[in-house]
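Structure, as structure tokens:
The values are calculated or read from the model by the stated rules, or taken from the named source; none is laboratory data. Only a predicted model underlies this, so the values are computations on that prediction, with no experimental measurement involved. A quick note on method: Cβ atoms are made from the backbone with ideal geometry, for glycine too, and the neighbour counts reach across all protein chains shown.
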């Protein structure tokens with residue numbers, strides 16, 4: 001089959017020379033995007049493996065850790081991302097229907113959702129930093145220059161975990177609710193493994209190994225703030241890692257959405273050529289998809 | 001901007017690329033996702049033991065399927081794109097299964113961090 005002269009003038013501007021037809025270019029771009037999204041799933045997949053193994057070994061640690069997270073803020077952020085996913089999908093539909101004004105409106109709304117998510121996340125992170133909730137062993141140190149005490153009345157029993165909540169006043173005068181482990185349950189969260197794997201035992205005295213008498217003082221870490229449940233810094237290690245990596249993806253999404261908005265304003269997209277909007281949308285939906293799993297795994301259970 | 005309805009000829013030509021998902025389907029999908037979000041928060045308020053994890057994961061998986069099938073057009077897309085994506089999910093599932101299978105093997109003796117198992121064993125030794 002030969003290319004007719006009539007075909008030559010139909011060759012649109014957006015069609016790159018190494019593709020025969022717009023459809024071929026579109027399908028190739030889409031397959032490339034799905035391959036990239038598969039690598040994104042594998043990237044987060046490794047972290048989900050870490051989450052699963054840690055949670056399998058220390059279920060109490062995760063239940064205690066989720067008490068420190070604000071479920072309302074997490075739920076609001078989930079709703080924000082879902083709404084921005086709706087507007088993103090609508091933006092693709094508008095691009096396919098040649099409605100440039102509506103496309104720009106929906107891209108702007110999606111962008112607003114992305115920014116709102118990061119703003120809420122910023123307040124969540126900074127609030128935790130004020131309370132001294134850091135990843136690593138700094139979790140057990142009181143914030144610098146802070147003389148507050150987190151003692152107070154016992155207000156709640158977090159069912160099944162044998163934790164109690166302690167209310168008090170934080171370093172900035174704010175109300176603080178922290179979880180505490182009663183001494184009666186010293187083995188609820190045990191220290192790191194001793195064995196061929198050789199996990200961190202340097203900081204512990206030889207006598208601090210899990211003894212068969214099971215006294216609490218043998219099982220607490222030397223750096224531990226007694227008002228913080230044991231080993232929960234591990235929860236915050238993976239919390240900050242996974243939500244932080246997701247936040248980086250949201251920030252990248254803001255860049256993509258801004259670029260799409262500029263392109264839409266310049267009239268680059270039409271019903272014949274909407275590939276960047278479509279592929280940017282696919283990326284944005286995967287960011288939403290990952291948060292759909294992060295929210296219950298960290299905030300709810 | 002011009003919101004003129006494309007002529008039938010334009011429709012067949014332009015819409016040969018990709019599938020247009022009507023806004024009402026997108027809105028219905030989104031409302032379902034929001035309702036499921038409220039549902040998963042609500043159900044997490046009950047202490048169902050291990051069922052809490054499975055309920056949360058099942059709801060999240062269902063929500064994720066809605067996103068992938070409708071927002072990401074996979075229901076209307078070429079099947080091979082779905083094969084690529086589902087393969088990556090299957091590999092993650094395989095990775096998690098093997099890691100958990102392995103770590104559970106060691107849990108009772110060299111991972112005292114598995115407090116549930118340790119307490120169970122201690123209770124048997126020291127009644």
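Overview of results
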read-out	value
Selection within segment A:50-64 - under 15 Å from the mean Cα position of the chain (by Cα) and buried (at least 24 other Cβ atoms within 10 Å of the Cβ)	none
The lone exception for residue A:10 - which of (1) modelled with pLDDT of 85 or more; (2) surrounded by fewer than 19 Cβ atoms within 10 Å (Cβ to Cβ) it fails	(1)
Condition check for residue B:105: crowded, with 16+ Cβ neighbours inside 10 Å, within 19 Å of residue A:54 (Cβ to Cβ), at pLDDT below 95 and more than 9 Å from every other protein chain (Cβ to nearest Cβ)	no
Of the criteria (1) touching a residue at least 40 places away in the same chain (Cβ under 8 Å); (2) more than 7 Å from chain B (Cβ to nearest Cβ); (3) surrounded by fewer than 19 Cβ atoms within 10 Å (Cβ to Cβ), which one residue A:84 fails	(3)
Subset of segment A:87-110 [more than 10 Å from every other protein chain (Cβ to nearest Cβ) and surrounded by fewer than 21 Cβ atoms within 10 Å (Cβ to Cβ)]	A:105, A:108, A:109
Selection from segment B:69-79 of residues that are within 7 Å of another protein chain (Cβ to nearest Cβ) and surrounded by fewer than 19 Cβ atoms within 10 Å (Cβ to Cβ)	B:78
Within segment B:26-64, tally of residues that are more than 20 Å from residue A:74 (Cβ to Cβ) and in a loop (DSSP other than H, G, I, E, B)	2
The lone exception for residue A:75 - which of (1) more than 9 Å from chain B (Cβ to nearest Cβ); (2) under 14 Å from the mean Cα position of the chain (by Cα) it fails	(1)
